[in-house]
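The next block holds one structure in the form of structure tokens; read it before the comments.
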Amino acid sequence: MNQLADSRWRVRDDAREVTGEAAVALLRARGAGGPAEIWFERDDGRLMSVTSNGERAMVMLLRESGDPGEHAIDPGASGEQDGYVLSNGQNDVYPDHDTIPLATALRVVEHVIDRGQPPSDVEWQVDRGPE
């Protein structure tokens with residue numbers, strides 16, 4: 001088994017441990033009421049943020065709090081959408097190429113939580129500087 005998958009993921013705001021399937025169910029439930037932002041954290045400090053407008057989602061992976069991280073992208077997409085409401089009430093607009101369809105985002109979340117890494121067929125943009 002992938003050692004990264006051995007670490008447990010929790011919902012950041014309530015410390016509830018989740019499996020990939022439970023995380024997807026939570027995202028669907030919160031998204032049913034409109035836009036949603038959810039943070040997950042792992043035992044080693046890694047973070048995953050999912051912000052959705054109900055159609056698309058910004059999925060970010062961070063090594064630790066304060067890390068610029070990386071985010072899933074849809075390189076062929078054009079245009080932009082609003083409705084990405086953050087937990088502080090801010091309504092963000094993101095270019096579609098910086099977000100992915102919600103169904104893909106749910107698959108990414110489940111894969112990261114259960115296997116420790118994103119699926120290989122999803123592209124990512126690294127937002128941190130050179131290492």
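Descriptive notes on the structure:
- The range 61-120, subset of a type in the set (D, E, K, R) and within 11 Å of the chain's Cα centre (by Cα), residue nearest to Glu17 (Cα to Cα): Glu110
- Considering the range 78-131, the residues that are among the polar types (S, T, N, Q) and outside any loop (DSSP other than H, G, I, E, B) include one that is nearest to Ala36 (Cα to Cα), namely Asn91.
- Subset of the range 22-45 (residues that are without any contact (Cβ under 8 Å) to a residue 12 or more places away in the chain and surrounded by fewer than 15 Cβ atoms within 10 Å (Cβ to Cβ)): Ala25, Ala29, Ala32, Gly33
- Residue list for the range 92-104, filter: surrounded by 16 or more Cβ atoms within 10 Å (Cβ to Cβ), of a type in the set (A, V, I, L, M, F, W, C) and within 19 Å of Pro68 (Cα to Cα): Ile100
- Those residues of the range 55-88 which are surrounded by fewer than 21 Cβ atoms within 10 Å (Cβ to Cβ), touching a Leu at 6+ places or on another chain (Cβ under 7 Å) and in contact (Cβ under 8 Å) with a residue 40 or more places away in the chain, in sequence order: Glu55, Gly69, Glu70
FYI, it's all coordinate maths here, none of it is from the lab. It should be emphasised that the depicted structure is a prediction, and the values quoted were computed from it without experimental measurement. Neighbour counts run over all protein chains shown; Cβ positions are idealised from the backbone, glycine included.
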